1. Taking 7 Å along the Cα-to-C-beta vector as the label spot, tell me the A199-N31 distance in nanometres, rounded to one decimal.
2. Contour minus end-to-end for M223 and K149, with contour as 0.36 nm per residue of separation and end-to-end as the Cα-Cα distance?
3. For E192, enumerate residues with amide H under 5 Å from its amide H, sequence gap 5+ or separate chain, H modeled in the peptide plane.
4. Provide Rg and Dmax in Å for the range 258-313, with only Cα atoms included in the calculation.
5. For the range 221-313, which chymotrypsin sites (Phe, Trp or Tyr not before Pro) pass both filters: DSSP loop (anything but H, G, I, E, B) and at most 16 other C-beta atoms within 10 Å?
6. Take every Cα-Cα pair in the range 142-197 and report what % of them are more than 15 Å apart.
7. Can you give me the long-range amide H partners of G42? Hydrogens built in the peptide plane at 1.01 Å from N, cutoff under 5 Å, separation of 5 or more residues or another chain.
8. Say each of D45 and I307 gets a label point 7 Å from the Cα, pointing the same way as Cα to Cβ; how far apart are those two points in nm?
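Bear in mind these aren't lab numbers, they're just calculated from the coordinates by the rules spelled out. Since the structure is predicted, the reported quantities are computational estimates derived from the model, not experimental observations. Neighbour counts are summed over all protein chains in view; Cβ atoms, including those assigned to glycine, are modelled from backbone coordinates with ideal geometry.
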Amino acid sequence: MDLSIVIPLINEAESLPELTAWIERVMTEHNYTYEIIFVDDGSTDNSWDIIEGLRAKNHNIKGIKFQRNYGKSAGLNEAFRAASGEVVITMDADLQDSPDEIPELRRMIIEEGYDLVSGWKKKRYDNTFTKNIPSKLYNAITRRMSGIKLHDFNCGLKSYRKNVVKSIEVYGEMHRYTPVLAKWSGFKKIGEKVVMHQARKYGVSKFGINRFINGPLDLASIMFVGRYGKRPMHFFGLLGSIFFIIGIGISVYLVIAKIMDSNVALTNRPGFYFALISTVLGMQLFLAGFLGELISRNAPGRNSYLIEKKSGL
Ligand code: UDP
Ligand code: MG
């Protein structure tokens, strides 16, 4: 199968028929073998009925319906498990992303050897203050922290090599960071393509201003897990040692000072409290490191490596 088109959605009933017709047209023009996987993320309108209606007319259309709203990441993750196309395209259901971009996104994977191609909404049709400006800032930070040179991490329209979607797990609110997840899994060739973008035709945006609080927190945790997830002691142990050594150092100094001049009460010196706090903090960090190691040793998939090639086995 050439293509899996993955579309997570919640309450997008009005858009679905138009979107489907548009995708079908592009697929027929290029003679692709394909599937469209709709993930209904707990819609309360009649989105699911529409999906079933569309499936009755075209069996390339498949649907997954969640019992309740689990979020866009969960939707993508579930569809990634089910996808069987050589190239997997993700797009939003609200007609803001254009299916006409699909052939080029696929070509870049197949012919240019990209592992992941992200859309770049260079000219964006969203609210300037609540979306466009904060998103510039957010993209700059993500670029800096992840070392991935993309302009638009949060673009819903992306294409992936099949291996990539089968080896990443999109949990929490990590749908914004799939390029970072792919990079941590060892996929190096990540590119971007300028894509058309349109104003939302029907319905309303499903993400509010809280994305700008959650987004940076998710980035911090993804960077941490990527770097230290398998060796937490290297992070906590180092910090713990620094605090512990500082604490012990100050204590030794205080004891010597006390021996030299026994008139000053130890507890009257600010250094005493620094030493106390620093030593305790250092030990606590060590404990956190040990707990982290216990958790990561017992975590499922701790020895699952991604093998690129094998020979003679
Ligand atoms: N979406 C989803 N689950 C959610 C929120 C959003 O599946 O909990 C879908 C939504 O229906 C749309 C896509 O994710 O297909 C992007 O959402 P939206 O267009 O509201 O985001 P925006 O374009 O405003 O960033
Ligand atoms: Mg949208």
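1. 4.0
2. Numbers: separation 74, 0.36 × 74 = 26.64 nm, distance 1.57 nm.
Gain in length upon complete extension: 25.1 nm.
3. Amide H neighbours of E192: S118.
4. Every Cα atom of the range 258-313 included, Rg and Dmax give 24.0, 78 Å.
5. Details: sites: F224, Y228, F235, F236, F243, F244, Y253, F272, Y273, F274, F286, F290, Y305; in loops: Y305.
In loop regions of the range 221-313 (DSSP not H, G, I, E or B), the sparsely surrounded chymotrypsin sites (Phe, Trp or Tyr not before Pro) are Y305.
6. Numbers: 702 of 1540 pairs.
Summing the P(r) of the range 142-197 above 15 Å gives 46 percent of all pairs.
7. For G42, whose amide H was placed from the backbone, the distant partners under 5 Å are F66.
8. Here the answer is 4.8 nm between the modelled labels.
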